[in-house]
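Below is one structure; the comments refer to it alone.
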Amino acid sequence: MSDLYEKLKDDLLRFAKSIARHEQEALDLIQDAMVKSLNEPNLLSLPVYKQRAWFFRVMKNRLIDDRRKEQRLTQWEEDFDFSIQEAGVSHLEVTELLARLPQELSDLIFKKYWLGLSSQEIGEQLKIPASTVRYKLHLAIKRLRTILEEEK
């Protein structure tokens, strides 16, 4: 397999860089394709041009999957975005509002909107799935909105 990589590495890197946003993403695409190639026993028996095409297709499909997943997560998180400006409250008032939430939800809001962490990063810190983080953020924002409406 290392011979195959050595034979194709220049072409793979050039292609990956042409479709990726940055070099690290390109290197990740190549790595993922190489790992996937380990499960393809017939790949070594193909001619070089078909091997190259196989790698290109795998990298392109992986990039498409990643972008779709990223788009879904971004859209989902934007649906529940909570803006301090929209709420019309100061930072001090937001601090007071957060104090009215359970500590767990308050911490999630703080990590998401003040520290700028993604739901994936928060989930890794708390050792819970990112989907659970997003759900709890949704609940926290819903409670904050309810509190704000009651005060008006």
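The set of residues in segment 113-126 that are modelled with pLDDT of 85 or more and either assigned to a helix (DSSP H, G or I) or loosely packed, with under 15 Cβ neighbours inside 10 Å (or both) comprises SER119, GLN120, GLU121, ILE122, GLY123, GLU124, GLN125, LEU126.
Looking at segment 1-49 only, could you name the residues that are surrounded by 11 or more Cβ atoms within 10 Å (Cβ to Cβ), of a type in the set (D, E, K, R) and in a helix (DSSP H, G or I)? Hits for segment 1-49 are LYS7, LYS9, ASP11, LYS17, GLU23, GLU25, ASP28, ASP32, LYS36.
Of the residues that make up segment 64-72, is at least one surrounded by 14 or more Cβ atoms within 10 Å (Cβ to Cβ), touching a residue at least 24 places away in the same chain (Cβ under 8 Å) and not hydrophobic (A, V, I, L, M, F, W, C)?
no
Hey, any hits in segment 33-42 for a residue that's touching a residue at least 24 places away in the same chain (Cβ under 8 Å), over 17 Å from ASP65 (Cα atoms) and not aliphatic (A, V, I, L, M)? Yes: one or more hits.
The values are calculated or read from the model by the stated rules, or taken from the named source; none is laboratory data. Quick caveat: nothing in here was measured; it's all calculated off a predicted structure. All Cβ positions, glycine included, derive from the backbone under ideal geometry; neighbour counts span all protein chains shown.
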